Amino acid sequence: QVQLVESGGGLVQAGGSLRLSCAASGNIFSPNVMAWYRQAPGKQRELVADITSGGKTRYADSVKGRFTISRYNAKETVYLQMNSLKPEDTAAYYCYLGGGAVYWGKGTLVTVSS
């Protein structure tokens, strides 16, 4: 069984920064893809950024240049550095692991005040 535990969410003013972390544990298939998704109230869940075991990254257009995804393979941990946050970034952020099967974290709330 694989578990994903997110941390780092919170309340921040527009223009501020937050760093999300997600630690995976259990029987993890490699190679894999780790990612961050987000879901704002009343909206569908959307991909924010993902990163492969080899370090290849993709970003949603809305966060390019502001967010950076990274991972530490030895600890199966993925990070999301979020800078220049905007009120529209307010959402629940979910960690994702895809490899052999798909796993989701329970989410961490990010609130950006204007």
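The values are calculated or read from the model by the stated rules, or taken from the named source; none is laboratory data. For clarity, every value in this text was computed on a predicted model and none was experimentally measured. Backbone-built Cβ (ideal geometry, glycine too); neighbour counts: all protein chains shown. SASA here: full protein model, heavy atoms, side chains in, ligands and nucleic acids out. Shrake-Rupley method; radii C 1.70, N 1.55, O 1.52, S 1.80 Å.
Among the residues of region 63-73, is there at least one that is polar (S, T, N, Q) and open to solvent by 50 Å² or more (accessible area, probe 1.4 Å)? Yes: region 63-73 contains one or more residues that are polar (S, T, N, Q) and open to solvent by 50 Å² or more (accessible area, probe 1.4 Å). None of Val12, Val33 is among the β-branched types (Val, Ile, Thr), open to solvent by less than 60 Å² (accessible area, probe 1.4 Å) and within 19 Å of Thr90 (Cβ to Cβ) except Val12. Does region 64-91 hold any residues that are outside any helix (DSSP H, G or I), under 20 Å from Gly42 (Cα atoms) and without any contact (Cβ under 8 Å) to a residue 60 or more places away in the chain, and which are they? Once the filter is applied, which keeps residues that are outside any helix (DSSP H, G or I), under 20 Å from Gly42 (Cα atoms) and without any contact (Cβ under 8 Å) to a residue 60 or more places away in the chain, region 64-91 yields Thr90, Ala91. Any residue that is within 16 Å of Ser62 (Cα to Cα) and under 10 Å from the mean Cα position of the chain (by Cα) - is there at least one of those in region 102-112? Within region 102-112, not a single residue is within 16 Å of Ser62 (Cα to Cα) and under 10 Å from the mean Cα position of the chain (by Cα).
Does region 93-103 include one or more residues that are touching a Phe, Trp or Tyr at 6+ places or on another chain (Cβ under 8 Å), outside any loop (DSSP other than H, G, I, E, B) and surrounded by fewer than 17 Cβ atoms within 10 Å (Cβ to Cβ)? Looking for residues that are touching a Phe, Trp or Tyr at 6+ places or on another chain (Cβ under 8 Å), outside any loop (DSSP other than H, G, I, E, B) and surrounded by fewer than 17 Cβ atoms within 10 Å (Cβ to Cβ), one finds at least one in region 93-103, hence yes. Yes or no: region 78-87 includes at least one residue that is buried (at least 16 other Cβ atoms within 10 Å of the Cβ) and more than 14 Å from the chain's Cα centre (by Cα). Yes: region 78-87 contains one or more residues that are buried (at least 16 other Cβ atoms within 10 Å of the Cβ) and more than 14 Å from the chain's Cα centre (by Cα). For region 1-57, which positions are within 24 Å of Leu109 (Cβ to Cβ), assigned to a loop (DSSP other than H, G, I, E, B), more than 16 Å from the chain's Cα centre (by Cα) and among the hydrophobic types (A, V, I, L, M, F, W, C)? Of everything in region 1-57, those that are within 24 Å of Leu109 (Cβ to Cβ), assigned to a loop (DSSP other than H, G, I, E, B), more than 16 Å from the chain's Cα centre (by Cα) and among the hydrophobic types (A, V, I, L, M, F, W, C) turn out to be Val2, Ala14.
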